[in-house]
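Right, one structure below, let's go through it.
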Amino acid sequence: MPKDQSIQTILVIGSGPIIIGQAAEFDYSGTQGCMALKEEGYKVILVNNNPATIMTDESFADEIYFEPLSVDSVTRIIEKEQPDGLLANLGGQTALNLAVELEKAGVLNKHGVKLLGTSVETIENGEDREKFRALMKHLNEPVPDSEIVDNAKDALQFAKEVGFPVIIRPAYTLGGKGGGIALTEEAFKPLIEGALLASPIHQCLVEKSIAGFKEVEYEVMRDRQNTCITVCNMENIDPVGVHTGDSIVVAPSQTLSDQDYQMLRSASLKIISALDVVGGCNIQFALDPLSKEYFVIEVNPRVSRSSALASKATGYPIAKMAAKLAVGYTLDELKNPLTDTTYASFEPALDYVVVKFPRWPFDKFKHADRKLGTKMKATGEVMAIDRNLESAIQKAVASLEIKTKGFHLPELKEQSTEQLFELIKTPDDRRFFAVMELLSRQETVETIHQMTKIDRFFLHVFKHMITLEQELKENKGTLSKAILKKVKEKGFLDETIASLTGSSEKAIRQLRQEYGIAASFKIVDTCAAEFDAKTNYFYSTYFGKSDGEHQQKTKQRALIIGSGQFELGKGSSLIIVRFMGFSPCNSLELKQS
């Protein structure tokens with residue numbers, strides 16, 4: 001199906017200020033969308049009042065408005081610019097809610113503006129808790145025992161009926177804003193009052209807690225011809241009960257059987273079809289680790305925060321494809337720009353492992369409540385790619401810019417074993433490091449599993465990292481090539497190896513060079529090397545040889561070092577500089593090469 005020829009001008013709504021749960025991920029999506037629309041010849045009008053975004057650079061839109069993201073403000077822009085279409089599913093919850101308000105206020109109908117991609121009805125079916133639950137029941141898709149409430153009295157009555165703990169999920173919010181887990185009636189009362197206030201429509205879902213189930217996400221794409229694909233599936237290392245934005249996430253899923261994977265994939269495709277989403281959609285599931293029972297937790301009928309992770313993890317440009325689907329294209333008409341041969345209807349395949357590790361601001365807020373739950377508290381995240389999970393985890397930890405020694409947090413060495421057990425039972429941002437400390441003290445995988453419900457597979461991977469660490473301690477002096485190669489393949493930094501063996505980083509580096517152990521660089525190509533890729537998107541590894549032919553240096557090159565993960569005081573203002581005239585040079589581990 002060709003693009004919509006009746007549209008010449010498109011208004012794009014950004015996500016506004018950076019807040020927890022809605023940061024540079026939506027600047028990335030919006031920028032991709034603007035580029036895709038301009039590529040198709042549309043005039044792009046952008047409204048976004050965040051000055052530290054790439055999308056507000058003059059090259060990404062024809063007209064840019066730094067105006068409040070409100071109905072009155074956007075109405076005036078529509079009156080002036082007279083756009084034919086409105087694209088709101090790339091600007092996070094802010095843009096999505098604003099599109100609904102504009103529709104209900106009659107602004108879009110009055111000025112003949114077509115809402116592109118996902119319709120208001122679809123948005124409401126995904127975001128309104130009551131409509132969403134009704135749709136899931138119609139599809140025979142399981143949801144936890146729950147009740148839709150608009151007042152504290154009814155909420156408390158339901159909570160007493162099903163018994164505590166219960167989870168509270170406000171409607172039309174992002175990052176779990178206003179929600180949480182109430183373990184007791186005393187904790188429930190203030191939580192439900194705050195949740196009702198957080199919801200724009202004063203509505204909450206109160207559901208029986210299923211904390212401890214596996215949490216799995218699917219990023220799905222659909223066009224108007226009902227062609228659907230799953231771009232990426234991701235598994236949270238933390239079970240249900242910790243917001244996915246505060247969880248360590250692995251892609252692809254590591255502990256699902258093929259039957260589990262296909263069961264949840266089929267449910268994802270059925271749900272996105274029933275919702276009539278055009279573009280990207282994020283669907284979250286809770287899977288019982290002891291049976292095949294699962295529940296649908298929630299659906300985001302838009303490009304989500306996880307979409308940026310899924311895009312970079314697979315190489316599939318979700319936001320760019322979503323923008324083109326919104327103007328009428330179908331997936332089988334769009335080529336994947338990373339391969340230039342496969343089509344967007346081709347599901348990505350990964351031959352590597354991706355780890356997302358959150359970054360929290362508690363180093364700056366020493367007295368803040370560090371406990372993690374259904375309300376997101378992380379301000380940023382890092383992503384690491386490698387050929388195995390151990391190495392990807394170590395890369396991610398090394399990227400956090402916190403004072404760690406390898407995968408240990410020195411402050412936890414002073415904690416008693418009992419204190420560490422309490423820390424992993426009631427998790428905060430140090431849970432991973434507490435688990436590693438307990439494993440180094442010879443506590444068993446089974447004991448930690450029973451306390452945390454973290455899958456035994458992940459705990460055995462963590463245990464393997466501890467075992468390798470111990471092996472290095474026992475090999476002080478000259479390391480054999482076999483041992484050094486093994487630990488480098490599993491992600492140990494030269495600095496960490498030196499510390500464990502009583503050597504120096506320089507000496508370890510020299511020894512590696514003598515042994516011929518060096519990093520290679522692999523291409524992220526969306527197709528597991530099944531097709532040739534035309535991309536400059538790499539990750540480093542100590543497995544195998546570098547992908548791609550060596551390019552002859554024909555012009556001067558510059559290495560540009562970014563600012564890493566978002567944290568307070570270091571946000572998107574550091575990524576808006578535009579670089580021109582240089583060939584890209586991409587390396588995740590130049591220090592180790």
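Among the residues of segment 448-503, those identified as of a type in the set (Asp, Glu) and in contact with a Ser or Thr (Cβ under 9 Å, 6 or more places away or on another chain) are ASP455, GLU469, GLU489. Mind listing whichever residues of segment 524-557 are open to solvent by 100 Å² or more (accessible area, probe 1.4 Å), charged (D, E, K, R) and either in contact with a helix residue (DSSP H, G or I) (Cβ under 6 Å, 6 or more places away or on another chain) or at pLDDT 75 or above (or both)? Across segment 524-557, the qualifying residues are LYS545, LYS555, ARG557. Looking only at residues in segment 426-439 that are within 16 Å of ILE248 (Cα to Cα) and charged (D, E, K, R), the one that is surrounded by the most Cβ atoms within 10 Å (Cβ to Cβ) is ARG431. In segment 39-55, which residue that is open to solvent by 20 Å² or more (accessible area, probe 1.4 Å) and outside any loop (DSSP other than H, G, I, E, B) is modelled with the highest pLDDT? My answer is LYS43.
For first residues located in segment 234-250 and among the charged types (D, E, K, R), partners that are assigned to a loop (DSSP other than H, G, I, E, B) and open to solvent by less than 10 Å² (accessible area, probe 1.4 Å) and lie 6+ apart or on another chain with Cβ distances below 6 Å form the pairs ASP238/SER247; ASP246/ALA378.
Scanning segment 120-137 for residues that are touching a helix residue (DSSP H, G or I) at 6+ places or on another chain (Cβ under 7 Å) and of a type in the set (Gly, Ala, Ser) yields one hit, GLY126. With respect to the conditions (1) open to solvent by 30 Å² or more (accessible area, probe 1.4 Å); (2) modelled with pLDDT of 70 or more; (3) assigned to a helix (DSSP H, G or I), SER573 falls short on a single one, namely (2).
Residues checked against (1) touching a residue at least 12 places away in the same chain (Cβ under 8 Å); (2) in a loop (DSSP other than H, G, I, E, B):
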{"position": "PRO361", "(1), (2)": "yes, yes"}
{"position": "ALA396", "(1), (2)": "yes, no"}
{"position": "PHE421", "(1), (2)": "yes, no"}
{"position": "MET436", "(1), (2)": "yes, no"}
{"position": "GLU446", "(1), (2)": "no, no"}
{"position": "PHE457", "(1), (2)": "yes, no"}
{"position": "HIS464", "(1), (2)": "yes, no"}
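In the list GLU58, GLU141, which residue meets the criterion of being open to solvent by 30 Å² or more (accessible area, probe 1.4 Å) and of a type outside the set (Phe, Trp, Tyr)? It is GLU58.
Can you confirm whether PHE521 is surrounded by 14 or more Cβ atoms within 10 Å (Cβ to Cβ), out of contact with any strand residue (DSSP E or B) (no Cβ under 8 Å at 6 or more places or on another chain), aromatic (Phe, Trp, Tyr) and not in a helix (DSSP H, G or I)? No. Each residue in segment 30-48 was checked for being in contact with a strand residue (DSSP E or B) (Cβ under 8 Å, 6 or more places away or on another chain) and not basic (Lys, Arg), and 10 pass.
Candidates GLU25, GLU63: the one that is in contact with a Leu (Cβ under 9 Å, 6 or more places away or on another chain), buried (at least 16 other Cβ atoms within 10 Å of the Cβ) and without any contact (Cβ under 8 Å) to a residue 24 or more places away in the chain is GLU63. The sole residue among VAL216, VAL240 that is over 26 Å from LEU325 (Cβ atoms), open to solvent by less than 20 Å² (accessible area, probe 1.4 Å) and of a type in the set (Val, Ile, Thr) is VAL240.
Of all positions in segment 494-517, none carries a residue that is outside any helix (DSSP H, G or I), under 32 Å from the mean Cα position of the chain (by Cα), of a type outside the set (Val, Ile, Thr) and at pLDDT 75 or above. All of LEU37, LEU116, LEU86 fail the test of being farther than 27 Å from PRO170 by Cα and touching a residue at least 40 places away in the same chain (Cβ under 8 Å), apart from LEU37.
Which ones in segment 398-411 are surrounded by fewer than 18 Cβ atoms within 10 Å (Cβ to Cβ) and among the aliphatic types (A, V, I, L, M)? Result: ILE402, single match. Applying the set (1) under 28 Å from ARG431 (Cα atoms); (2) hydroxyl-bearing (Ser, Thr, Tyr); (3) open to solvent by less than 70 Å² (accessible area, probe 1.4 Å) to SER503 leaves exactly one unmet item: (1).
Looking at segment 58-143, the helices (runs of 4 or more DSSP H) lying wholly inside it that each contain 1 or more residues that are more than 30 Å from TYR294 (Cα to Cα) sit at 71-81, 92-104, 107-110. Taken as a whole, the structure places THR467 among residues that are among the β-branched types (Val, Ile, Thr), loosely packed, with under 15 Cβ neighbours inside 10 Å and farther than 23 Å from PRO289 by Cβ. Looking at LYS312, LYS366, LYS356, LYS375, just one residue is open to solvent by 30 Å² or more (accessible area, probe 1.4 Å), outside any loop (DSSP other than H, G, I, E, B) and of a type in the set (D, E, K, R), and that residue is LYS312. Selection within segment 378-391: residues that are of a type in the set (A, V, I, L, M) and open to solvent by less than 20 Å² (accessible area, probe 1.4 Å). The member of this set that is farthest from ILE248 (Cα to Cα) is ILE385. For segment 479-498, filtered to residues that are more than 19 Å from ILE393 (Cα to Cα) and in contact (Cβ under 8 Å) with a residue 12 or more places away in the chain, the residue that is surrounded by the fewest Cβ atoms within 10 Å (Cβ to Cβ) is LYS481. Exactly one residue among GLN442, GLN419, GLN394 is exposed (fewer than 14 other Cβ atoms within 10 Å of the Cβ) and more than 26 Å from LYS366 (Cβ to Cβ), and that residue is GLN442. SER291 meets all of the listed conditions (1) open to solvent by 10 Å² or more (accessible area, probe 1.4 Å); (2) of a type in the set (Gly, Ala, Ser); (3) not in a loop (DSSP other than H, G, I, E, B) but one, namely (3). Scanning segment 480-515 for residues that are of a type in the set (D, E, K, R) and touching a helix residue (DSSP H, G or I) at 6+ places or on another chain (Cβ under 6 Å) yields LYS481, LYS490, ASP494, GLU495, GLU505, ARG509. When we screen THR118, THR94, THR122 for residues that are farther than 25 Å from LEU287 by Cβ and open to solvent by 20 Å² or more (accessible area, probe 1.4 Å), the only hit is THR94.
The values are calculated or read from the model by the stated rules, or taken from the named source; none is laboratory data. Remember, it's a predicted structure, so these values are computed and weren't measured experimentally. As a convention, Cβ positions derive from the backbone with ideal geometry for all residues, glycine included, and neighbour counts pool all protein chains shown. What goes into the accessible areas is simple: the full protein's heavy atoms, side chains included, and nothing from ligands, DNA or RNA. Shrake-Rupley method; radii C 1.70, N 1.55, O 1.52, S 1.80 Å.
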